[in-house]
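To start, the structure under review is shown below, and the notes come after it.
The values are calculated or read from the model by the stated rules, or taken from the named source; none is laboratory data. This one's a predicted model, so the numbers in the text were calculated from it and none came from an experiment. Every residue, glycine among them, receives a Cβ derived from its backbone with ideal geometry; neighbour counts consider all protein chains shown. Each accessible area value is taken on the protein alone, full model and side chains, heavy atoms only, with ligands, DNA and RNA left out. Shrake-Rupley method; radii C 1.70, N 1.55, O 1.52, S 1.80 Å.
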Amino acid sequence: MGRYGKWIAGGLGWAFLGPIGGILGYLVGSAFDTIEIEGGKVAGQTRQGDFVMSLLVLVAAVMKADGKVLRSELDYVKANLVKSFGAARATEAVGMLKDILKQNIPVEEVCRQVQANLDYSSRLQLMHFLFGIAQADGSISSSEQAIIDKISYYLGIQGNDYSSIKSMFVQDTDSSYKILGLTKEATDEEVKKAYKKMAVKYHPDKVSYLGEDVQEAAKEKFQKVNEAFEKIKKERGFA
């Protein structure tokens, strides 16, 4: 089954197929022969492993964008995976990432597969993680920004949501408003309504089906929304 087969086989469904499956194929070897397929599709709903493999492939695309893979980026990936899945699984996942980095990644095809199989809230969580990777060395390069823009487009991320997540990492004077999908011209009532809307959209429970680990990781994004709202409240002086 290959050195990563046991870890993958326990948590993959649709990611065994399509372009992601092609990228992972050489890692898992005969694991493809052991997966039960019905009507040409892997049976069952999205599993935690589908999310993680999608993440690793897209992370590799971002890390390769500027032509260099930095230790700080790998450390960021591992730290977040440890927080989400524990040290043992994180170490193995980083090992897979290093192998994936050696391959050509058809970004559009991979994103289309993810969009077709992963719900919107989980795709937002992927985008949040990708921005964190790009900024792991202290700044986001133009090439990294370009590939994240491309991934966002092919994942079907709405413009306001993309701007919201980007503003959690790329700070400017309007970042708090952009996180809530607003401009500074918004009224107090519009700020309150936007906060409630974004708090629901980014709530960790939206990705609870991926397991407690991913749900825990999603709390960081949710916290950014709360922080943005509190900052605006303080600036404007409303309760």
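Looking only at segment 160-195, which residues are in contact with a Phe, Trp or Tyr (Cβ under 7 Å, 6 or more places away or on another chain) and of a type in the set (Ser, Thr, Tyr)?
If the condition is that a residue be in contact with a Phe, Trp or Tyr (Cβ under 7 Å, 6 or more places away or on another chain) and of a type in the set (Ser, Thr, Tyr), then 183, 195 are the ones that fit.
Taking residue 140 as meeting all but one of (1) of a type outside the set (Ser, Thr, Tyr); (2) assigned to a helix (DSSP H, G or I); (3) under 29 Å from residue 227 (Cα atoms), write down the number of the exception.
(2)
Please name all residue pairs, on different chains or six or more residues apart, with Cβ atoms under 7 Å, provided the first residue is in segment 215-232 and is farther than 17 Å from residue 161 by Cα and the second residue is of a type in the set (A, V, I, L, M, F, W, C).
Listed by first residue and then by second, the contacts come to 215/207; 232/191.
Testing residue 200 on (1) in contact with a Lys or Arg (Cβ under 7 Å, 6 or more places away or on another chain); (2) within 20 Å of residue 126 (Cα to Cα); (3) without any contact (Cβ under 8 Å) to a residue 12 or more places away in the chain, one condition comes back false. Which one is that?
(1)
Checking the structure you have, find out if any residue of segment 181-189 is assigned to a helix (DSSP H, G or I), surrounded by fewer than 14 Cβ atoms within 10 Å (Cβ to Cβ) and in contact (Cβ under 8 Å) with a residue 40 or more places away in the chain.
yes
Answer yes if at least one residue in segment 197-205 is within 27 Å of residue 90 (Cβ to Cβ), in the same structural domain as residue 74 (by the TED database) and open to solvent by less than 30 Å² (accessible area, probe 1.4 Å), and no otherwise. Walk me through it before giving the result.
First pass over segment 197-205, keeping only residues within 27 Å of residue 90 (Cβ to Cβ): 202-205.
Keeping just the survivors that are in the same structural domain as residue 74 (by the TED database) gives 202-205.
Filter once more, keeping what is open to solvent by less than 30 Å² (accessible area, probe 1.4 Å): 202, 204.
Checking segment 197-205: at least one residue is within 27 Å of residue 90 (Cβ to Cβ), in the same structural domain as residue 74 (by the TED database) and open to solvent by less than 30 Å² (accessible area, probe 1.4 Å).
Which of the numbered conditions does residue 132 fail, given that it passes all the others? Conditions: (1) over 22 Å from residue 76 (Cβ atoms); (2) open to solvent by less than 10 Å² (accessible area, probe 1.4 Å).
(1)
Considering only segment 152-179, how many residues are part of a loop (DSSP other than H, G, I, E, B) and either at pLDDT 95 or above or outside the structural domain of residue 229 (by the TED database) (or both)? First the steps, then the outcome.
Within segment 152-179, the subset part of a loop (DSSP other than H, G, I, E, B) is 156-158, 168-174.
Subset that is either at pLDDT 95 or above or outside the structural domain of residue 229 (by the TED database) (or both): 156-158.
Qualifying residue count for the region: 3.
Tell me, yes or no, whether segment 213-230 has at least one residue that is surrounded by 15 or more Cβ atoms within 10 Å (Cβ to Cβ), more than 24 Å from residue 80 (Cβ to Cβ) and among the charged types (D, E, K, R).
No, because not a single residue in segment 213-230 is surrounded by 15 or more Cβ atoms within 10 Å (Cβ to Cβ), more than 24 Å from residue 80 (Cβ to Cβ) and among the charged types (D, E, K, R).
Among 64, 6, which is the only one that is surrounded by fewer than 18 Cβ atoms within 10 Å (Cβ to Cβ) and either among the charged types (D, E, K, R) or modelled with pLDDT of 85 or more (or both)?
Details: 64 fails: surrounded by fewer than 18 Cβ atoms within 10 Å (Cβ to Cβ).
Testing whether each residue is surrounded by fewer than 18 Cβ atoms within 10 Å (Cβ to Cβ) and either among the charged types (D, E, K, R) or modelled with pLDDT of 85 or more (or both) leaves just 6.
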